[in-house]
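These notes concern the structure reproduced below.
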Amino acid sequence: MRIYDQENRTELVGIICNKCGKKISVTKGVPQEDSLHIEKSWGYFSQKDGIRDSFDVCEECYEKWVADFAEPVLSEENVELI
Ligand SMILES: [Zn+2]
């Protein structure tokens, strides 16, 4: 869950892991720990057509979540292009 400042609602001020409730601090709009942010707009062939879901998961919860997958996550090293 992403928390934005009360005044103009544009600056990210905090992230809370939707799974475990862990607070990830944000300094000057920059999260101090990496996490997974997902946004999904459900479409026509879904029971949730027209609904937009979003959530955040900390790295520890992400690791536990994907460990349950029947097929492993495709994991590759990022290569920076010159
Ligand atoms: Zn978590």
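Values in this text are rule-based calculations from the coordinates and carry no lab data. These figures come from a predicted structure and were not determined experimentally. Please note: Cβ atoms are built from the backbone with ideal geometry, for glycine as well, and neighbour counts cover all protein chains shown.
Remark on K19: its backbone amide H falls under 5 Å from those of C58, a criterion applied only to residues 5 or more positions apart or on other chains, H modelled at 1.01 Å from N. Pairwise Cα distances in the chain exceed 17 Å in 62 percent of cases.
A crude spin-label estimate for the pair S25 and F69, with each label 7 Å from Cα along the Cβ direction, gives 3.1 nm.
Evaluating 6.51 cos²θ - 1.76 cosθ + 1.60 at θ = phi - 60° for every residue in segment 64-79, the Karplus couplings come out as 5, 5, 6, 5, 8, 5, 5, 10, x, 5, 6, 10, 10, 7, 5, 10 Hz, glycine and proline recorded as x.
Within the same chain, lysines fewer than 8 places from K40 are excluded, and of the rest, those with a Cα less than 26 Å from its Cα are K19, K22, K23, K48, K64.
Remark: C-alpha extents of segment 1-48 on the principal axes read 40, 27, 15 Å, sorted largest to smallest. Fewest neighbouring Cβ atoms within 10 Å first, the residues R52, R2 line up as R52, R2.
Ranking of K48, K28 by neighbouring Cβ atoms within 10 Å, starting from the fewest: K28, K48.
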